[in-house]
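What follows is one structure encoded as structure tokens, with my remarks underneath.
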Amino acid sequence: MAKKQYDPLWEVVGEKAPLQGVGGDVDAVCPWCRVIVHLGEQTEPGRRYECGLCGGVSVVAIEDGAVTLQRAE
């Protein structure tokens, strides 16, 4: 039997979400509430992100080769 690579609950709705620990981790710190958020591998600079904890809207940026979040004013 093959090992599952994707979360079966997301496959029900037609999306491929990797199981936790299988996909690459791209994390950043929310500039509003300072919690660590998971952005995923497909994160690209300029994309807007809303924090699930505080609701603050940020913009994905790359500084010194690292992915960061900056406040969207």
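Throughout, read-outs are computed from the coordinates displayed, never taken from laboratory work. As the structure is a computational prediction, the values presented were derived from the model and not from experiment. Please note: Cβ atoms are built from the backbone with ideal geometry, for glycine as well, and neighbour counts cover all protein chains shown.
Inter-label distance, Asp64 to Tyr6: 3.8 nm, where each label sits 7 Å from its Cα along the C-beta direction. The value given for the stretch 24-71 is a Kirkwood hydrodynamic radius of 10.5 Å, derived from the mean inverse Cα-Cα separation. Once you list every other residue whose beta carbon is under 13 Å from the beta carbon of Gln42, what net charge do they have if Lys and Arg are +1 and Asp and Glu are -1? Value of the local net charge: -2. With neighbour counts taken as other beta-carbon atoms within 10 Å, the residues Glu73, Glu15 rank, fewest first, as Glu73, Glu15.
If we count trypsin sites (Lys or Arg not before Pro) as exposed when they sit in a DSSP loop and have at most 10 other beta carbons within 10 Å, what is the longest stretch of the chain that avoids them all? Can you show the working numbers first?
Values: sites that count: Lys3, Lys16, Arg34.
Result for the longest clean stretch: 35-73.
Taking every C-alpha pair closer than 8 Å and separated by at least 6 residues, the mean separation divided by the residue count of the stretch 24-71 gives a relative contact order of 34 percent.
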